[in-house]
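What follows is a single structure, written as structure tokens, with notes after it.
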Amino acid sequence: MPRIFDNIEQYLLPILQDTIETSKRADFCVGYFNLRGWKEIADKIEKFTGNENSCCRLLVGMQTLPEKELHDSLAFRKTETGMDNLKVIRFKKQIIQGFYDQLTWGAPNNKDEKALRLLRKQIETKKVVIKLFLRYQLHAKLYLFHRDDINNPITGFLGSSNLTLSGLKKQGELNIDVLDIDACQKLHKWFDDRWEDRWCLDISQDIIKVIDESWAREKLIPPYHIYLKMAYHLSSEARAGLSEYQIPRSIKDELFDFQAAVVKIAARYLNRRGGVLIGDVVGLGKTRIAATLAKILEDDFFLETLIICPKNLVSMWQEYVDNYKLRAKIISISKVQKILPQTRRYRVLIIDESHNLRNRQRKRYRAIQEYIALNESRCILLTATPYNKSYLDLSNQLRLFIPEDKNLGIRPEKLLHEIGGEIEFSRKHQAPVRSLAAFEKSEHPDDWRELMRLYMLRRTRSFIQKNYAQIDETGRKYLEMSDRSKSYFPIRQAKTITFDLGGSENLYALLYSEAVVNILGELNLPRYGLGSYEVSPKSAKGKSMTDAESRQLKDLSRAGKRLKGFCRTNLFKRLESSGVTFLQSIDRHILRNYVFLHAITNQLPLPIGSQDAAFLDPRNKDEDSIFFDSEDEAENIDLPTTTFISETETEYQERAAKIYQEYATQYKSRFKWIRPELFKASLKKDLHADCLALIEIGKKAGNWETNNDQKLEILIDLL
């Protein structure tokens, strides 16, 4: 009676390994061959010498997926089963591609790499010969072993196990051994007939090539080649955009090459994801790019455009609409609340200076967002400063056209790694892990770079000079216009202009006085060093400190000294910049202190902003400035000619109460909130002391009259 090997009570793999040990050669016929599965018998095959009488012949059949078989059997038109050279080439290519794909699954490991390299060596030394049978679908699973045994020269194993990890030892199978001499001889003849068949092709060298082009190759791949492959895949969408879209002839000559390129790529983003953010730096032609993009959508899809922009840009946009003959309407951003609800459907929406829509609590933001959702408009956002203080600046602009729970196809990987995976994320946050809402939980730059890679196109002047500019005989870089004229990049030339501070009554003399400098140097800056005011856990007025509060205090303590230094340096830089900027910063600093004092006095939670020092970079706008702007503020208003700091605490207290109310209602999600009981009484004392000291600066400076600003006058003369 034959033995049964079902991988349940008795496994096939151990008996195959033992049988190879006593065999001089082997013949395998399988329907499916997994390259990684070879490691289970690779060491045993090594004993063969590599000639015809001492090798392993592996015959791989061509299998069809069950659903494909069902489809063919039920088809009205039956496919021909005959074979010809064209079919052979096609089938062989498909099978070899399957071997390539096998090695892209799962993570590489040392054991698999060793076995694959050994397989390559065995093929090269003729210890293993692999053929592909193509005459018809072959599902047979047969293992024959030729031995120097007069009583049992051939041992066979016949059944259902493929040459794979699961087939040999994991999943349930049904195999039997064949020891009858006559039966084994017939099986041997059956194998030879197919091995010698006209449509049985030797693919040994193809398998070597597969291994040589995989991670298991002997020769290391140069890092530069890896870089090129990564760049190739990362740029696939950009390359697709460049090949799929054409610039209208009427506009083509007006665009530089770098502008034409971003138009085509943006068109691809727009049609695939419903929106694109063009964040080129100032002066690279974002308006022209957006107008061209609108023209492409108009010509190709008959879509009309609605343009929303600041009031002072309406006339400029009207010129583009007229010149490009766009079917478009222009609305000032200050009027969207009144006009948008009555505006008919426009399928393309251009928003210029989209960074003005960083705050999704504002009425104009909601009006635009609702219009986009209602009309399914594709969005083109234009801004040179897409990011100011928080990553929410980016997500809020994207939220205009992306629902917060939409599947983006990517996850915030750094965040997931930090908190312990997707399950832990779902436990902590009520948001789909591949959504915009999930990315808003992350503070990792890598996560946001991956997100913005899908939606934002941004180039700098240095990028344009490096990739698009030409160089003349003098070494200067330029771009060539359509009429062959040269447009040179300006060369920055720093020039220092001095001016006399004059007497003690001069505005700058008052601010640059030793007394003012000393006041700035002696400030406590408690809001930027809250960690140093932390009370002991037992002193939190009877209420135990939560884990979240403990983590918050730990973060505040870690950031303290660094932020204080940045804040003090920032104030000095603003003083150096201009009197107006400095006094505005002082005024807002005082007001924020009074917001804290208001919370402490009334036993309300303290609004803690970001503790990232980058947010205090003076290149950015003044921190939190968005909270001091009025929703209904008119555009193009005249700037005040007088700047001053209030000399009364009462006025600051009243303003702070209103600001706190806005923080706690409209802007609550922008802050972390913490109980004032967790801080020492000295926090209130130091906040108040700083307020009085800064108000004293206002008293010394008095009113800042722009008309008497010597530094501004000299700048105007220089220009």
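Here is how the numbers come out for the structure above:
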{"quantity": "Search result, residues across segment 521-532 that are surrounded by fewer than 20 Cβ atoms within 10 Å (Cβ to Cβ) and assigned to a helix (DSSP H, G or I)", "calculated": "Gly521, Gly531, Ser532"}
{"quantity": "Matching entry among Val314, Val348, Val281 (being surrounded by fewer than 16 Cβ atoms within 10 Å (Cβ to Cβ) and touching a Ser or Thr at 6+ places or on another chain (Cβ under 7 Å))", "calculated": "Val281"}
{"quantity": "Pairs, first farther than 20 Å from Lys441 by Cα in segment 645-672, second in a loop (DSSP other than H, G, I, E, B) and of a type outside the set (Lys, Arg), C-beta under 7 Å, six or more apart", "calculated": "Tyr652/Ser646"}
{"quantity": "Elements of type helices (runs of 4 or more DSSP H) contained in segment 36-125, each with 1 or more residues being hydroxyl-bearing (Ser, Thr, Tyr), in the same structural domain as Asp206 (by TED's automatic domain parsing) and modelled with pLDDT of 90 or more", "calculated": "85-102"}
{"quantity": "Residue within segment 8-18 that is at pLDDT 90 or above and in a strand (DSSP E or B) present", "calculated": "no"}
{"quantity": "Given (1) at pLDDT below 90; (2) in contact with a Cys (Cβ under 8 Å, 6 or more places away or on another chain); (3) not hydroxyl-bearing (Ser, Thr, Tyr), number of the condition Ile150 does not satisfy", "calculated": "(2)"}
{"quantity": "Residue in segment 177-194 that is nearest to Gln17 (Cα to Cα), counting only those that are crowded, with 16+ Cβ neighbours inside 10 Å and touching a residue at least 60 places away in the same chain (Cβ under 8 Å)", "calculated": "Asp177"}
{"quantity": "Failed condition for Thr155, given (1) buried (at least 18 other Cβ atoms within 10 Å of the Cβ); (2) at pLDDT below 90", "calculated": "(2)"}
{"quantity": "Considering residues of segment 210-233 that are in contact (Cβ under 8 Å) with a residue 12 or more places away in the chain and assigned to a helix (DSSP H, G or I) only, the residue surrounded by the fewest Cβ atoms within 10 Å (Cβ to Cβ)", "calculated": "Asp212"}
{"quantity": "Residue within segment 542-559 that is under 34 Å from the mean Cα position of the chain (by Cα), modelled with pLDDT of 80 or more and not in a helix (DSSP H, G or I) present", "calculated": "no"}
{"quantity": "Residue among Leu284, Leu293 that is part of a helix (DSSP H, G or I), assigned by TED's automatic domain parsing to the domain that holds Leu270 and under 25 Å from Arg249 (Cβ atoms)", "calculated": "Leu293"}
{"quantity": "Count - residues of segment 1-18 that are more than 18 Å from Phe145 (Cα to Cα) and among the β-branched types (Val, Ile, Thr)", "calculated": "1"}
{"quantity": "Elements of type helices (runs of 4 or more DSSP H) contained in segment 649-719, each with 1 or more residues being within 40 Å of the chain's Cα centre (by Cα) and within 30 Å of Asp547 (Cβ to Cβ)", "calculated": "649-665"}
{"quantity": "Residues satisfying the stated conditions in segment 317-345, i.e. crowded, with 21+ Cβ neighbours inside 10 Å and small (Gly, Ala, Ser)", "calculated": "Ala328"}
{"quantity": "Answer residue from segment 357-408, given it is of a type in the set (S, T, N, Q) and over 22 Å from Lys668 (Cβ atoms) and is surrounded by the fewest Cβ atoms within 10 Å (Cβ to Cβ) among those", "calculated": "Asn407"}
{"quantity": "Residues being exposed (fewer than 10 other Cβ atoms within 10 Å of the Cβ) and touching a residue at least 40 places away in the same chain (Cβ under 8 Å) - total across segment 466-498", "calculated": "2"}
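The values are calculated or read from the model by the stated rules, or taken from the named source; none is laboratory data. Quantities reported herein were computed from a predicted structural model and do not represent experimental measurements. Counting neighbours? That spans all protein chains shown, and the Cβs are built from the backbone with ideal geometry, glycine included.
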